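See structure below.
None of the figures in this text is laboratory data; all of them are computed from the coordinates on show. If you're wondering where the values come from, they're calculated on a predicted model, not measured in any experiment. Neighbour counts run over all protein chains shown; Cβ positions are idealised from the backbone, glycine included.
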Amino acid sequence: MTQIIVDASLSNQLLALSQPAELCDNSGQVLGRFVPLINLAEWEPLSPDVSEEELDRRAKSKEKRYTTAEVLARLEKP
């Protein structure tokens, strides 16, 4: 990947961004898009709201289950 060194002013503007931004020249023509890096340490992982009782019910269920291979084979049929 090509690296372009930016001056301190642009660097500060980019570091302050929390959402993607378009980079434009003086005429307003879009040169590219900048997507800031996200610090994932600030986020908590989400888990589904499924109770232990529901998980037990699903495990004991008599409903037919299909493997991934079975589903893919079914989807490939005309």
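Using the Karplus curve 6.51 cos²θ - 1.76 cosθ + 1.60 with θ = phi - 60°, what ³J(HN,Hα) values do you get for each residue of segment 31-46, in whole Hz, with x for Gly and Pro?
9, x, 10, 10, 10, x, 6, 10, 7, 5, 5, 7, 10, 9, x, 9
Modelling each spin label as a point 7 Å along the Cα-to-Cβ direction, I'd like the LEU23/ASP7 distance in nm, to one decimal.
Taking the simple label geometry, LEU23 and ASP7 are separated by 1.5 nm.
How long are the semi-axes of the ellipsoid equivalent to the chain, from square roots of 5 times the Cα gyration tensor eigenvalues, in whole Å, largest first? The partial results should precede the final answer.
Details: eigenvalues 485, 99, 22 Å².
In descending order the semi-axes read 49, 22, 11 Å.
In whole Å, how far is the Cα centre of segment 61-78 from that of segment 1-51?
41 Å
Taking the Cα centre of the chain as the origin, how large is its charge dipole in debye, to the nearest 20, when only Lys and Arg (+1) and Asp and Glu (-1) carry charge on their Cβ atoms?
On the way: 9 positive and 13 negative charges, 130 e Å.
Roughly 620 debye for the chain.
With θ set to phi - 60° and the Karplus curve 6.51 cos²θ - 1.76 cosθ + 1.60, what are the ³J(HN,Hα) couplings of segment 70-78 in order, to the nearest whole Hz, using x for Gly and Pro?
Along segment 70-78, the couplings run 5, 5, 4, 4, 5, 5, 7, 5, x Hz.
If you keep only loop residues by DSSP, which GluC sites (Glu not before Pro) in segment 1-65 have at most 10 other Cβ atoms within 10 Å of their Cβ? Working shown, then result.
On the way: sites: GLU22, GLU42, GLU52, GLU53, GLU54, GLU63; in loops: GLU63.
Hits after loop and neighbour filter: GLU63.
Return ARG65, ARG58 ranked ascending by Cβ neighbour count within 10 Å, so the fewest neighbours appear first. Show your work: numbers first, answer last.
Details: ARG65 8, ARG58 11.
Fewest-to-most Cβ neighbours within 10 Å comes out as ARG65, ARG58.
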